[in-house]
1. Zone of Ala169 (label point 7 Å along Cα→Cβ, backbone N under 19 Å): which residues in region 9-32?
2. Between Arg101 and Glu188, what length comes free when the chain is fully extended (0.36 nm per residue of separation minus the Cα-Cα distance, one decimal in nm)?
3. In the chain, carbon and sulfur make up what percent of the accessible area (probe 1.4 Å)?
4. What distance in nm lies between label points placed 7 Å from Cα along the C-beta direction at Thr181 and Leu3?
5. Among the listed pairs Lys62/Lys180; Lys5/Lys184; Lys71/Lys100, give every one whose C-alpha distance is greater than 21 Å.
6. What percent does the relative contact order of the chain come to when contacts are Cα pairs within less than 8 Å and at least six residues apart?
7. Please build a GNM for the chain, connecting alpha carbons under 10 Å apart, and tell me which residue among Lys44, Lys62, Lys184 fluctuates the most.
8. On a full-extension model of 0.36 nm per residue, what is the gain between Glu155 and Asp63, subtracting their alpha-carbon distance, rounded to one decimal in nm?
Amino acid sequence: MRLPKIAILISGTGTNMEAIVDACATGELQAEVTFVGSDRANAKGLKTAASYGINTTVFCYKDMGRNAAEKAIAEAIDETCSEWIVLAGFMRVLSPAFVKRFTGKIINIHPSLLPAFPGAHGIQEAWDAGVDVSGVTVHIVDEGVDSGPILAQEEVARLPEDTIDTFEARIHKTEHRIYKTTLKKVFEDNRKNK
Ligand code: GRF
C-alpha cells in the first residue's frame, strides 16, 4: 500500500509532531513523514525530528518574510510530493493564497474546544475563564484563525485539584492521542473516497 505523505510544520517543542512521527515509526499511523519544517531555527522539535532520521528544514520567517517563506514551504511540499500539511504548534497564520492552494489538505490541532478560545493562548484563556471543561480540537485549516471545519474534538475536564500545569499536561496528553487517531481516520477516509 502506498503511504500518504505528510509534511509537518512546527514552531517549538514539537511534542505533537513527535507523537505523529512515533506513530508512523511503529506503524500505528500508516503515513510517511516527508520533512519537518519550522519557522524558527531554534525550535527544539527540529532536533527531535532529526533524531528519528527525518529531514528538517527551516523557513525563517524573520529573515525571509511571510511571502518568501510560504513560497519555500510550497516548493518543499511539491518537491517531496507531500499530500498533507500537518500543523503541530506552528505559530504562524498561513496566507489565504497558501491555504487556497492546499485547500482541505492542511490540518491543525488546537488546545481548546473550538470555537471557544481560538488563538495562541487557548489553555490559559480557558483556565482564566474558569471553565469546568475545555479540550482539544483537530480541524481543517481555512483562511481564518482556528476556524476551519472540525474533524474531531475531545473534552478535558478541569478537576478541583488541578493547577494550570496539571490541566495543561492533561490537555497535551489528549492532543498526542487524538491527533494520530484523527489523522488515521482522515487518511483512511481519503483512501476510500479515491
Ligand atoms: C499544542 O498545544 C498545540 O495544540 C498548539 O501548540 C501546542 C504545540 O505544542 N497549536 P508542541 O510543540 O506540539 O509540544
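1. Backbone N within reach: 13-16, 19.
2. On the way: separation 87, 0.36 × 87 = 31.32 nm, distance 2.25 nm.
Answer, rounded to one decimal: 29.1 nm.
3. Working: 5100 of 9740 Å².
Accessible surface attributable to carbon and sulfur in the chain totals 52 percent.
4. Computed distance between label sites Thr181 and Leu3 equals 2.2 nm.
5. Values: Lys62/Lys180 30 Å; Lys5/Lys184 12 Å; Lys71/Lys100 13 Å.
Where the Cα-Cα span goes over 21 Å, the pairs concerned are Lys62/Lys180.
6. Values: 345 pairs, mean separation 37.9, N = 194.
Computed over the chain, the figure is 20 percent.
7. Lys62
8. Working: separation 92, 0.36 × 92 = 33.12 nm, distance 3.89 nm.
Length gained between Glu155 and Asp63: 29.2 nm.
The values are calculated or read from the model by the stated rules, or taken from the named source; none is laboratory data. In this text, all values refer to a predicted model and were calculated from it rather than measured experimentally. In this analysis, Cβ positions are derived from the backbone assuming ideal geometry, glycine residues included, and neighbour counts consider all displayed protein chains. What goes into the accessible areas is simple: the full protein's heavy atoms, side chains included, and nothing from ligands, DNA or RNA. Shrake-Rupley method; radii C 1.70, N 1.55, O 1.52, S 1.80 Å.
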